[in-house]
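One structure below.
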Amino acid sequence: FSSFRFDIYRKVPKDLTQPTYTGAIISVCCCLFILFLFLSELTGFIATEIVNELYVDDPDKDSGGKIEVNLNISLPNLHCELVGLDIQDEMGRHEVGHIDNSMKIPLNNGDGCRFEGHFSINKVPGNFHVSTHSATAQPQNPDMTHIIHKLSFGDKLQV
């Protein structure tokens, strides 16, 4: 019993082959090329380069210069007509009483307010806050007691 019987690539008999110098040169060139590829990949693997880089996103680009904010907050002691959202950033945006994509739901028979909304902000330093700045008349000693039900930044991650 011989394992050579299972050889897929059978040898051609010597009397049917004719070695040539061209075949030898091609074989040597192929071996050298394979050696070159192996060594270049090996040096690329061994010689790693650590690059420390810090960059800031360009907020003017269409490819993600903004971040989505979701806000759901209850103010149990402040009327809805007094509540507003102010957005301000270093790019010059300053909005008082932002109302796009927001909803005010009265609580406690109108004595409180639940503010729900989502809005986009630039990826630059700035702030947003729920305040009474958008009210026509500022209340005396407003009670800004609040409960944050949800505050999230960016897209929801899928786990």
Lysines near LYS156 by alpha-carbon distance under 25 Å, same-chain residues fewer than 8 away left out - which ones? LYS61, LYS66, LYS104, LYS123
Where no second cysteine Cβ lies under 4.7 Å, the cysteines concerned in the chain: CYS29, CYS30, CYS31
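Provide the packing ranking of 151-157, 110-116, 98-104, i.e. peptides ordered by the mean count of other C-beta atoms within 10 Å per residue, highest first.
Details: 151-157: 8.9, 110-116: 17.4, 98-104: 13.9.
Top to bottom by mean Cβ count within 10 Å: 110-116, 98-104, 151-157.
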Among HIS98, GLY65, ASN77, whose Cα lies farthest out toward the positive end of the dipole of the range 65-112, if unit charges sit on the beta carbon of Lys, Arg (+1) and Asp, Glu (-1)? ASN77
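Before rounding to the nearest 500, sum -39500 (n - 2.57) across all DSSP H runs of length at least 4 in the chain and divide by the residue total; then give [θ] at 222 nm in deg cm²/dmol.
Details: 1 runs with 26 residues, N = 159.
When only DSSP H runs of four or more count, the value is -6000 deg cm²/dmol.
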I need the Debye-formula profile for the range 3-46: one equal scatterer per C-alpha, no solvent, reported as log10 I(q)/I(0) at q = 0.22, 0.24, 0.28, 0.33 1/Å, two decimals. -0.82, -0.85, -0.93, -1.03
Using only alpha carbons, build the gyration tensor for the chain and give me the equivalent ellipsoid semi-axes, biggest first, whole Å. 75, 21, 13
Helix axis angle, 21-46 relative to the chain longest principal axis, alpha carbon, degrees: 30
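Readers should treat all values here as calculations from the given coordinates under stated rules, not as data from a laboratory. Nothing here was measured: the structure is a model prediction, and the numbers come from that model. Here Cβ is always computed from backbone atoms with ideal geometry, including for glycine, and neighbour counts include all displayed protein chains.
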